[in-house]
1. Would you check if Val209 is closer than 24 Å to Leu138 by Cα, at pLDDT 80 or above and either touching a Pro at 6+ places or on another chain (Cβ under 7 Å) or surrounded by 15 or more Cβ atoms within 10 Å (Cβ to Cβ) (or both)?
2. Inspect region 56-65 for any residue being buried (at least 24 other Cβ atoms within 10 Å of the Cβ) and either assigned by TED's automatic domain parsing to the domain that holds Pro110 or under 18 Å from Asp109 (Cβ atoms) (or both) and give the result as yes or no.
3. When you scan region 111-146, how many residues do you find that are out of contact with any strand residue (DSSP E or B) (no Cβ under 9 Å at 6 or more places or on another chain) and in contact (Cβ under 8 Å) with a residue 40 or more places away in the chain?
4. Assess whether Asp98 counts as being at pLDDT 95 or above, crowded, with 19+ Cβ neighbours inside 10 Å and acidic (Asp, Glu).
5. Looking at this structure, is Asp109 surrounded by 16 or more Cβ atoms within 10 Å (Cβ to Cβ) and modelled with pLDDT under 95?
6. Among the residues of region 152-169, count how many are assigned to a loop (DSSP other than H, G, I, E, B) and within 17 Å of the chain's Cα centre (by Cα).
7. If Arg75 satisfies every condition in (1) closer than 21 Å to Ala56 by Cα; (2) in contact with a helix residue (DSSP H, G or I) (Cβ under 8 Å, 6 or more places away or on another chain); (3) not in a strand (DSSP E or B) but one, which is the exception?
Amino acid sequence: MNRRPRGSAWFWTLLCLEMLLLPTVQARPKHERTPSETPDDQTLEQAQKSLQAARAALLAHDSAEAYRRAAEAFRLVPSPEALLTLGRVALAEKRLLDAQDLLRRYLADPNLESAPNSPDQEEAQRIADSVRPSSSKLNILGDRGTLVTVDGRLVGALPLSRPLLISTREHKVELQRGSGRLEEQVRVPAGRLGELRFDVRTRALLSNVLPGVIVFDEYLNYPGWELDEFRAFQEFVARHHATYDYIGFASAHHSVAVTIREIAA
């Protein structure tokens, strides 16, 4: 059998694996507000008052009012502080997965200014790192500033700092920008990554799910196998903090099938 020079399969396999993620995983946006996006002093003051009211409602164990005021603050100014408060509301309502979603995106928000060892960030990190219920991820791509609502609750604005964490049941996702609004029923299998692309103006919407099974034709059982497809896949797994299972192999050949359970980054 004529085999490609050792190492060439590694390069092309790694390239193909990375290309699988191009439609669905974006780098965290390095975004700073432009002058046109900067809210005026009155809007900032209103948002701050709403956040203060949300925190007071949390202390009073009124989670419904806390959510209402935190969402109000986020609509005025989509700040990491508002995400943090929404995450605390979710935690107070014992919605752990929703809290983990909001708090991990709070920690990844490019506008976050507090020190990494601040009490707020340490609390958020502790909750985000706790044992996670069965879940999947949903990345949403669209116009900057679009508000995202899942099952009637405001969860963020585009661009998302990280994909949403959602449960494996069906969800209603609503996208609103100005007077434009779209909604879609979305279900992503456990451990998988889904994507929703949309344009409110044209009302075009496309959804898909990252392929969950990959078959390697030259993975093991030949001289130098550790340097080719096996090496490429292990580098991909390390880079994206992926978890996977082997689900089959051809004992007389070199092929292996794996299923991707989760891609964390």
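1. no
2. no
3. 4
4. Details: at pLDDT 95 or above: yes; crowded, with 19+ Cβ neighbours inside 10 Å: yes; acidic (Asp, Glu): yes.
Yes: the conditions hold for Asp98.
5. yes
6. Of the residues in that region, 9 qualify.
7. It is condition (2) that Arg75 fails.
The values are calculated or read from the model by the stated rules, or taken from the named source; none is laboratory data. Everything numeric in this text was worked out from a predicted model, so none of it was measured. All Cβ positions, even for glycine, are placed from backbone atoms using ideal geometry, and neighbour counts span all protein chains on display.
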